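Student: Structure incoming, see below.
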Amino acid sequence: MLMRALRFVDHWVARALRATMLACLVALFLLVTFIVLTRLFSWPSAGWTDELVELFFAWLIFSGVASLWRERGHFAVTLLADTVRSARVRKVLDDGAELACLVFLLVFTYQSWTFIVNASEASPVFSISKAYWYASTLVAGAIMIAYSLARLGNSLFGASGKTQPGSKEPIRYEA
């Protein structure tokens with residue numbers, strides 16, 4: 001039952017990340033097209049577009065980062081792991097790398113939180129807090145922490161022999 005719930009959450013997290021990326025990309029395309037047209041036809045400048053470009057770009061980037069993390073799509077240097085013949089040593093290397101990434105993500109997410117809490121700057125045109133811009137880092141960090149914890153838990157406590165260290169596939173929860 002728990003595994004079914006985790007698969008369900010994973011499915012909807014993936015869909016939400018893709019939808020966020022698509023919405024931001026479409027919004028950026030429309031905004032940049034509008035900016036080009038205003039300059040091409042010498043229409044009055046729309047200063048508000050800069051703020052929206054920044055907002056959508058931040059959410060596009062960090063949603064993409066979290067989506068790649070979920071799929072293990074980030075680049076990895078596998079020179080050391082590729083030279084090791086023992087599957088057990090490779091598993092230790094993979095778990096160590098995942099643990100190091102988890103430590104980084106914890107620091108990154110904590111700093112994102114403190115940055116958001118201390119954000120006092122408001123956008124010049126819309127006069128809304130820049131914390132909405134910075135929230136993309138916090139959301140992405142939390143998602144990546146959850147997936148790193150799930151991968152480590154699956155590797156350490158999952159059914160033996162069924163996990164694939166270094167696999168590029170999304171998490172496969174063990175029953």
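The values are calculated or read from the model by the stated rules, or taken from the named source; none is laboratory data. None of these values were measured; they are calculated from a predicted model. Note that we place each Cβ from the backbone using ideal geometry, even for glycine, and neighbour counts take in every protein chain shown.
Student: Mind checking whether some residue in the stretch 121-129 is closer than 28 Å to Leu28 by Cβ and of a type in the set (D, E, K, R)?
Tutor: From the stretch 121-129, those closer than 28 Å to Leu28 by Cβ are 121-129; that's our starting set.
Adding the requirement that they be of a type in the set (D, E, K, R) leaves 121.
Within the stretch 121-129 (the criterion being closer than 28 Å to Leu28 by Cβ and of a type in the set (D, E, K, R)), the answer is yes, since at least one residue qualifies.
Student: Using the structure shown, decide if Phe57 is in contact with a helix residue (DSSP H, G or I) (Cβ under 8 Å, 6 or more places away or on another chain), closer than 30 Å to Val26 by Cα and hydrophobic (A, V, I, L, M, F, W, C). Walk me through it before giving the result.
Tutor: Numbers: in contact with a helix residue (DSSP H, G or I) (Cβ under 8 Å, 6 or more places away or on another chain): yes; closer than 30 Å to Val26 by Cα: yes; hydrophobic (A, V, I, L, M, F, W, C): yes.
Against the criterion (in contact with a helix residue (DSSP H, G or I) (Cβ under 8 Å, 6 or more places away or on another chain), closer than 30 Å to Val26 by Cα and hydrophobic (A, V, I, L, M, F, W, C)), Phe57 qualifies.
Student: Shifting gears a bit: Look at the stretch 140-170 and say how many of its residues are of a type in the set (Val, Ile, Thr) and modelled with pLDDT under 55. Walk me through it before giving the result.
Tutor: Taking the stretch 140-170 and keeping what is of a type in the set (Val, Ile, Thr), we get 143, 145, 163.
Okay, now just the ones that are also modelled with pLDDT under 55, so 163.
Total satisfying the criteria: 1.
Student: Out of the stretch 125-140, which residues are without any contact (Cβ under 8 Å) to a residue 40 or more places away in the chain and either surrounded by 13 or more Cβ atoms within 10 Å (Cβ to Cβ) or assigned to a helix (DSSP H, G or I) (or both)?
Tutor: Of the stretch 125-140, the ones without any contact (Cβ under 8 Å) to a residue 40 or more places away in the chain are 127-131, 135, 138.
Result: Ser129, Lys130, Ala131, Ala135, Leu138.
Student: Could you check, for the stretch 109-124, whether at least one of its residues is under 30 Å from Leu52 (Cβ atoms), under 22 Å from the mean Cα position of the chain (by Cα) and outside any helix (DSSP H, G or I)?
Tutor: Restricting attention to the stretch 109-124, the residues satisfying the condition of being under 30 Å from Leu52 (Cβ atoms) are 109-124.
Going one step further and asking which of them are under 22 Å from the mean Cα position of the chain (by Cα), we end up with 109-117, 119.
Then keep just the ones that are outside any helix (DSSP H, G or I); that gives 119.
Scanning the stretch 109-124, I find at least one residue that is under 30 Å from Leu52 (Cβ atoms), under 22 Å from the mean Cα position of the chain (by Cα) and outside any helix (DSSP H, G or I), so the answer is yes.
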